[in-house]
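Read-outs: derived from the displayed coordinates by stated rules, not from any lab. Everything quoted here is computed from the prediction, not taken from an experiment. Note that we place each Cβ from the backbone using ideal geometry, even for glycine, and neighbour counts take in every protein chain shown.
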Amino acid sequence: MLFPRVRTPLHVFEPRYRQMTESALAGDRRIVMAVVLPDHAGDVASDPPVYDVACSGVISEARRLPDGRFYLLLDGDYRVRIVEEVARPPGQLFRSANVRRLADPYPPAAAGEIATMRARLSTLVGEVIADDESPDPLGAVRDIDDASFVNALANALPLSVAEKQGLIEADGIPERYSRLIEILEFARAERLTRRVPNSSVLH
């Protein structure tokens with residue numbers, strides 16, 4: 001999963017993705033990362049259906065290994081909606097599509113609401129993630145801007161594919177904060193339940 005304003009390292013080794021990388025590096029260095037629908041996770045070797053909302057990224061660094069593999073850094077740029085898949089010419093192994101850029105609005109009027117949600121989100125991350133090995137899970141992102149903050153957490157937290165897809169589909173920064181808070185509120189409740197003996201018994 002790729003989110004706007006987030007840098008993701010990639011190890012490219014499959015022949016189709018090596019070819020895709022070479023094509024991107026020869027052009028605008030841009031690729032789109034889309035997630036396969038859960039029911040088709042076992043079909044990734046073919047052309048399984050994917051979610052239609054994804055994220056476009058730009059290859060900021062690329063290192064080609066002698067055997068043809070690549071190590072990349074992909075910088076998430078903006079969300080897109082896949083409009084249609086394009087027929088591949090002979091010899092092209094990777095998939096191509098026409099996409100439409102999606103806005104990620106953060107209206108100035110929402111700044112106060114975002115400040116409150118960011119504080120709540122920070123508390124929840126500490127309660128759900130912090131442990132002896134990672135006493136300050138927000139250390140690396142604590143001082144970044146609001147949009148980068150929520151996107152970095154959406155990318156880094158150990159969430160399910162469906163949860164992360166729901167976050168990339170959120171229509172704007174305030175909604176992404178709200179959805180992530182809901183996810184972590186539920187995770188916090190589950191964590192507390194596991195600590196309470198006989199917590200599954202209703203009275």
Original post:
Using just the C-alpha positions of the range 51-151 as equal point scatterers, what log10 of I(q)/I(0) does the Debye formula give at each q in 0.19, 0.24 1/Å?
Top reply: -1.11, -1.25
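Counting Lys and Arg as +1 and Asp and Glu as -1, what is the net charge of the other residues whose Cβ lies under 13 Å from the Cβ of residue 141? Before the final figure, lay out the partial values.
Values: positive: 5, 7, 118, 142; negative: 136, 143, 145, 146.
Its environment carries a net charge of 0.
Restrict the search to the range 133-194; then list the chymotrypsin sites (Phe, Trp or Tyr not before Pro) that DSSP places in a loop and that have at most 14 other Cβ atoms within 10 Å of their Cβ. Spell out each step's value before the answer.
Values: sites: 149, 177, 186; in loops: none.
Passing both the DSSP loop test and the Cβ count: no residue.
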**OP:** Could you grab the relative contact order for the range 60-161? Cα pairs under 8 Å, six or more apart, rounded to a whole percent.
**Re:** 14 percent
Original post:
Taking the C-alpha atoms of the range 108-195, how large are the radius of gyration and the largest Cα-Cα span, Dmax, in Å?
Top reply: 12.7, 41
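Mean separation of Cα pairs under 8 Å and 6+ residues apart, divided by the residue count of the range 1-118: what relative contact order is that in percent?
Here the relative contact order equals 28 percent.
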**OP:** Counting only C-alpha contacts under 8 Å and six or more residues apart, can you give the relative contact order of the chain as a whole percent?
**Re:** 22 percent
**OP:** Fewest Cβ neighbours within 10 Å first, please rank 37, 184 accordingly.
**Re:** 37, 184
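Only counting other Cβ atoms within 10 Å, I'd like 21, 123, 193 sorted with the fewest neighbours first.
Details: 21 22, 123 13, 193 10.
Starting with the residue having the fewest Cβ neighbours, the order is 193, 123, 21.
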Original post:
In deg cm²/dmol, rounded to 500, what helix-only [θ] at 222 nm does the chain give when every DSSP H run of at least 4 residues adds -39500 (n - 2.57) and the total is split over its residues?
Top reply: -12000 deg cm²/dmol
Original post:
What is the Cα centroid distance between the range 19-77 and the range 140-173, reported in whole angstrom?
Top reply: 19 Å
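Could you work out the mean projected area of the convex hull around the alpha carbons of the range 7-101, in square nanometres to one decimal? Don't skip to the answer; put the middle values down first.
Working: hull surface 25.3 nm².
Mean orientational projected area (the range 7-101, Cα hull): 6.3 nm².
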